[in-house]
């Protein structure tokens, strides 16, 4: 199991539509709205790193209203 955080910047006026699609995306376990440089933080859980990468690149970034993302792979400490 691979977990990560995906930081998302949204396009003004498209937030609700993008949020709904994000919540429907397989691998997204939790969504938090935040203030600052980013608009959302997504908690991700996938089987492996290629699956997480594929979900972000081909599913999340393809959602209308998403301007940019930054992925942070988590590790145990």
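Residue 13 passes all but one of (1) out of contact with any strand residue (DSSP E or B) (no Cβ under 9 Å at 6 or more places or on another chain); (2) modelled with pLDDT of 95 or more; which number fails?
So the condition that residue 13 fails would be (2).
Which one is nearest to residue 74 (Cα to Cα), of the residues in region 1-25 that are touching a residue at least 12 places away in the same chain (Cβ under 8 Å), assigned to a helix (DSSP H, G or I) and within 11 Å of the chain's Cα centre (by Cα)?
Going through the qualifying residues, I end up with 22.
Taking region 58-67 as the region of interest, how many residues are out of contact with any helix residue (DSSP H, G or I) (no Cβ under 6 Å at 6 or more places or on another chain) and either surrounded by 13 or more Cβ atoms within 10 Å (Cβ to Cβ) or at pLDDT below 95 (or both)? Before the answer, list the steps.
Filtering region 58-67 down to residues out of contact with any helix residue (DSSP H, G or I) (no Cβ under 6 Å at 6 or more places or on another chain) leaves 58-62, 64, 67.
Applying the additional criterion that residues be either surrounded by 13 or more Cβ atoms within 10 Å (Cβ to Cβ) or at pLDDT below 95 (or both) yields 59-61, 67.
So the answer is 4.
Of the conditions (1) in contact with a helix residue (DSSP H, G or I) (Cβ under 7 Å, 6 or more places away or on another chain); (2) at pLDDT 95 or above, residue 2 satisfies every one except a single condition; which number is it?
(2)
If I filter region 49-57 for residues that are touching a residue at least 12 places away in the same chain (Cβ under 8 Å) and in contact with a helix residue (DSSP H, G or I) (Cβ under 7 Å, 6 or more places away or on another chain), do I get at least one hit? Steps first, answer last, please.
We begin by selecting, within region 49-57, every residue touching a residue at least 12 places away in the same chain (Cβ under 8 Å); these are 49, 51-53, 55-56.
Those still in the list that are in contact with a helix residue (DSSP H, G or I) (Cβ under 7 Å, 6 or more places away or on another chain) too: none.
For region 49-57, residues touching a residue at least 12 places away in the same chain (Cβ under 8 Å) and in contact with a helix residue (DSSP H, G or I) (Cβ under 7 Å, 6 or more places away or on another chain): absent.
Condition first: free of Cβ contacts under 8 Å to residues at least 12 places away in the same chain and assigned to a helix (DSSP H, G or I). Now tell me which residues in region 58-77 satisfy that.
Kept after step one, since they are free of Cβ contacts under 8 Å to residues at least 12 places away in the same chain, are these residues of region 58-77: 58, 61-62, 75-77.
Answer for region 58-77, where residues must be free of Cβ contacts under 8 Å to residues at least 12 places away in the same chain and assigned to a helix (DSSP H, G or I): just 58.
Can you pull out the residues in region 26-40 that are under 10 Å from the mean Cα position of the chain (by Cα) and either crowded, with 16+ Cβ neighbours inside 10 Å or touching a residue at least 40 places away in the same chain (Cβ under 8 Å) (or both)?
If the condition is that a residue be under 10 Å from the mean Cα position of the chain (by Cα) and either crowded, with 16+ Cβ neighbours inside 10 Å or touching a residue at least 40 places away in the same chain (Cβ under 8 Å) (or both), then 27, 28, 40 are the ones that fit.
The values are calculated or read from the model by the stated rules, or taken from the named source; none is laboratory data. Worth saying up front: this structure is predicted, and the values here are computed from it rather than measured. No Cβ is skipped: glycine too gets one built from the backbone with ideal geometry, and neighbour counts run over all protein chains shown.
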